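Contents: one structure, followed by commentary.
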Amino acid sequence: MAAVPGKSPWLTIEGVLLILLGIAALIMPLMAGLAATLVFAWILILTGMIGLISAFAGRAHAHLGWSLASAIIALLIGIILLVYPLVGAVALTAVIGAYLLLDGIALIGLALDHRKRGIRPWAWLLASGLIDVLLAALIFFMSAVGSAVLIGFIVGLSLIFAGVALLLIQRAATPTAP
């Protein structure tokens, strides 16, 4: 069995935090969904503000109009999400579905690579990837009703499975020789 390079307490810390955050999201899925929307709103608002400052501070750019358009779009969408977080949560459901699908595919690939290299427990990574793909399918086939709750629930499940996978990988890791 091949060793996971560099057994580190950081995998354990990350795994436990992911599980705890996942449990919190499952207990309060509406709050988790709205929180995800509000965080994204603030990221867009900050991005828009920085983009506006950059566009006016760097007046020598060849494409001032496009820079301004990008900054204003980010700022306006961020404000809309901040003012209407429930509507934003519905829209973000599709984005999270796409993320879960792509992340699930990546985890499945990682699990198959771990299996090929003899690194255990690859099956937990595979399970985590398959669950992400199934959750993405659930999003794509559901109506918009309950999207904010769905976001919180799906994020919670994904965090818990990712945390468990990290803890099991950490447990199976053997220290490498210096």
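For this structure, a couple of remarks:
- In the elastic network of the chain, a GNM with C-alpha springs shorter than 10 Å, the most mobile of G129, G51, G97 is G51.
- Length-normalised contact order of segment 14-172 in % [C-alpha pairs under 8 Å, at least 6 apart]: 40 percent
- Estimated from helical segments only, the mean residue ellipticity of the chain at 222 nm is -29000 deg cm²/dmol, where each DSSP H run of four or more residues counts as -39500 (n - 2.57).
- If R0 is 41 Å, the Cβ-Cβ spacing of S54 and V83 corresponds to a FRET efficiency of close to 0.95.
- In this simple spin-label model, placing a label point 7 Å from the Cα along the Cα-to-Cβ direction at both L102 and I23 gives a separation of 3.2 nm.
- For a paramagnetic label modelled on I43 (point 7 Å from Cα along Cα→Cβ), amide N atoms under 13 Å away belong, within segment 74-91, to 78.
Since every read-out is calculated from the coordinates, none of them should be taken as a lab result. Treat the numbers as computed from the prediction; the structure is a model and nothing was measured. Virtual Cβ from ideal backbone geometry, glycine too; neighbours counted across all protein chains shown.
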